[in-house]
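See below for the structure under consideration.
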Amino acid sequence: MKIISFIILLLIYSLTSHACRFVDNESPQILVFPPKFDSKDPEHDYVFQLLQLILKKSNEKFGECKAHLFNHRITLKRMELYLEKDEFIDVVALTVSNTRDNIFLPVPIPISKGLMGYRLFMIRDGDSNIFSKINSLTDLRNLTAGQGIGWADVRILEHNKLPVITGGSIKSLIDMLTFNRFDYFPRGTLQVMIELENYEKKQVQLEKHLVLTYPSMTAFYVSKGNKNLAKRLEYGLKKAFYDGSFELFFNSHPSSIKALELLNLKNRLVLKICNPMLPEWVPINEKEYWLEPWPKGFQKEICFPEK
């Protein structure tokens with residue numbers, strides 16, 4: 001009888017939109033999330049722990065559900081393939097774009113306060129004086145950035161008339177920087193911290209005067225047919241924002257603490273640029289969702305006034 005019930009539940013799961021998976025006919029249900037391919041401690045990763053918080057916040061309305069890590073390390077492309085087919089995994093955290101909106105269903109709340117849109121610079125040893133004299137985007141346009149082939153930042157930088165040269169890998173880009181092929185290598189806060197450690201023997205350093213930022217939203221995506229899960233995650237996230245538990249989580253998680261310390265926004269000149277790939281629905285003017293509020297109408301009126 002239990003086996004029959006299990007099969008029925010599996011059929012229901014495969015044919016209908018679900019909020020969480022049934023493992024058997026007993027509670028709790030589960031939600032399967034893939035860890036980062038290179039994560040050293042996925043149980044304590046920011047996104048996985050945030051997911052657990054959101055599920056707790058939504059248990060009362062949607063029923064108990066537990067977040068489980070997928071038991072294999074898979075690449076981002078494999079994650080997206082599984083999610084598109086609604087197989088093996090239920091949710092992935094991705095940078096929002098119009099392309100992904102066409103394939104998946106986004107949960108329309110930022111999950112890291114736009115932190116991934118802040119870029120610090122890796123520069124050559126001895127070049128600090130050059131960057132200390134930069135006081136505007138116009139000044140920065142006299143220098144050239146390095147980025148990976150096919151990276152989203154290439155299009156963003158070019159849209160803002162910031163010269164870019166591309167390379168094939170992190171290692172090759174750092175080598176290109178040291179050989180004067182370009183002047184600076186913009187990286188996310190946690191990325192640059194790890195890369196400076198990994199390439200400490202290279203003649204590169206962290207630039208301490210500037211931070212380049214653009215509106216960038218990391219969000220949970222689910223499969224197109226899984227509207228129930230999207231509703232649950234949106235409900236849990238909003239509840240966490242409104243009751244203050246998201247802010248507490250963000251300000252106490254080790255990865256956020258490290259990133260904010262490294263950013264040191266109070267002592268850096270912040271240069272804001274446009275993001276041509278940001279969907280129009282992104283709640284850029286909801287200040288509680290962002291590390292720093294964006295000027296009213298920044299994307300629509302300042303970046304794309306012709307629209």
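What does the convex hull of the Cα atoms come to per residue for the stretch 52-95, in Å³? All intermediate terms of the calculation are to be shown ahead of the outcome.
On the way: hull volume 4.4 nm³, N = 44.
Considering the Cα atoms of the stretch 52-95, their hull volume per residue is 101 Å³.
Taking 8 Å as the Cα distance limit and 6 or more residues as the minimum spacing, I'd like the relative contact order of the chain as a percentage.
Numbers: 496 pairs, mean separation 73.4, N = 307.
Once divided by the residue count of the chain, the mean separation gives 24 percent.
Of L237, L137, L105, which has the largest mean-square fluctuation in a 10 Å C-alpha GNM of the chain?
Highest fluctuation of the listed residues: L137.
For helix 227-242, what angle does its Cα long axis make with the longest principal axis of the chain, in degrees from 0 to 90 and rounded to 10?
Roughly 60 degrees, rounded to the nearest 10.
Rank the residues T213, T95, T138 as a footprinting-exposure proxy: fewest other Cβ atoms within 10 Å of their Cβ go first.
On the way: T213 21, T95 15, T138 9.
Result, fewest neighbours first: T138, T95, T213.
Which of rounded, prolate, oblate describes the stretch 203-307, given a ≥ b ≥ c as roots of the alpha-carbon gyration tensor eigenvalues and a/c under 1.5 marking rounded, otherwise prolate only if a/b is larger than b/c? Show your work: numbers first, answer last.
Details: a/c = 1.96, a/b = 1.23, b/c = 1.59.
Verdict is oblate for the stretch 203-307.
Given H placed on each backbone N at 1.01 Å, which residues far from L210 in sequence or on other chains put an amide H within less than 5 Å of it?
Those lying under 5 Å, H to H, from L210 are L269.
For the stretch 98-158, just say rounded, prolate or oblate: build the C-alpha gyration tensor, square-root its eigenvalues into a ≥ b ≥ c, call rounded for a/c under 1.5, and beyond that prolate if a/b exceeds b/c, oblate if not.
Details: a/c = 2.78, a/b = 2.17, b/c = 1.28.
Prolate is the answer for the stretch 98-158, as a/c is 1.5 or above and a/b outweighs b/c.
Please find the FRET efficiency linking R181 to K161, where r is the Cβ-Cβ separation and R0 is fixed at 35 Å, and quote it to the nearest 0.05. Intermediate results must be reported in sequence, preceding the final value.
Numbers: r = 20 Å, r/R0 = 0.56.
According to the calculation, E is roughly 0.95.
State which entries of K66/K201; K77/K227; K57/K287; K61/K287 exceed 32 angstrom in Cα-Cα distance in the structure shown. Provide the component values of the computation, followed by the final result.
Numbers: K66/K201 44 Å; K77/K227 22 Å; K57/K287 22 Å; K61/K287 27 Å.
Too far apart for the 32 Å limit: K66/K201.
Need the list of lysines near K258 for cross-linking: C-alpha distance under 16 angstrom, and skip anything on the same chain fewer than eight residues off.
Cross-link targets: K113, K208, K266.
Rounded to the nearest 5, what % of the DSSP beta bridges within the chain are antiparallel ones? Before the final figure, lay out each step's value.
Details: 17 of 31 bridges.
Here the antiparallel bridges make up roughly 55 percent for the chain.
Just how far, in whole angstrom, is the stretch 196-233 from the stretch 129-159 if you go by their alpha carbon centroids?
For the stretch 129-159 versus the stretch 196-233, the Cα centre distance is 18 Å.
Set the Förster radius R0 to 41 Å, insert the Cβ-Cβ distance between L269 and E84 as r into 1/(1 + (r/R0)^6), and round the FRET efficiency to 0.05. Write out the running numbers ahead of the final one.
On the way: r = 41 Å, r/R0 = 1.00.
Efficiency, rounded to the nearest 0.05: 0.50.
Place +1 on the Cβ of every Lys and Arg and -1 on the Cβ of every Asp and Glu in the stretch 194-238, take the dipole about the Cα centre, and give the residue among L212, N228, N198 whose Cα lies farthest towards its positive end.
The one lying farthest along the dipole's positive direction is N228.
Which of the aspartates and glutamates could a cross-linker span from K171 if the Cα-Cα distance has to be under 14 Å and same-chain partners fewer than 8 positions apart are dropped?
Here the aspartates and glutamates satisfying the reach criterion relative to K171 are E195, E197, E200.
Cα to Cα, under 20 Å, and not fewer than 8 places away if on the same chain: which aspartates and glutamates meet these conditions relative to K56?
Qualifying aspartates and glutamates at Cα under 20 Å: E26, E43, D45, E64, D90, E234, D243, E247.
Given contacts defined as C-alpha pairs under 8 Å and at least six residues apart, what's the relative contact order of the stretch 153-307, whole-number percent?
Numbers: 101 pairs, mean separation 41.8, N = 155.
It rounds to 27 percent for the stretch 153-307.
Rounded, prolate or oblate: pick one for the stretch 119-217, where a ≥ b ≥ c are the square roots of the eigenvalues of its C-alpha gyration tensor, a/c under 1.5 means rounded, and failing that, prolate if a/b is larger than b/c, else oblate. It would help to have the intermediate numbers written out before the result.
Details: a/c = 1.38, a/b = 1.13, b/c = 1.22.
Note, shape of the stretch 119-217 comes out rounded.
For Cα pairs less than 8 Å apart in space and 6+ apart in sequence, what is the mean separation divided by the residue count of the stretch 36-170, i.e. the relative contact order in percent?
Relative contact order, the stretch 36-170: 13 percent.
Where a number appears in this text, it was derived from the coordinates with a stated rule and is not lab data. Since the model is a prediction, treat every value here as computed from it, not as a measurement. Glycine gets a Cβ as well: all are built from the backbone with ideal geometry, and neighbour counts include every protein chain shown.
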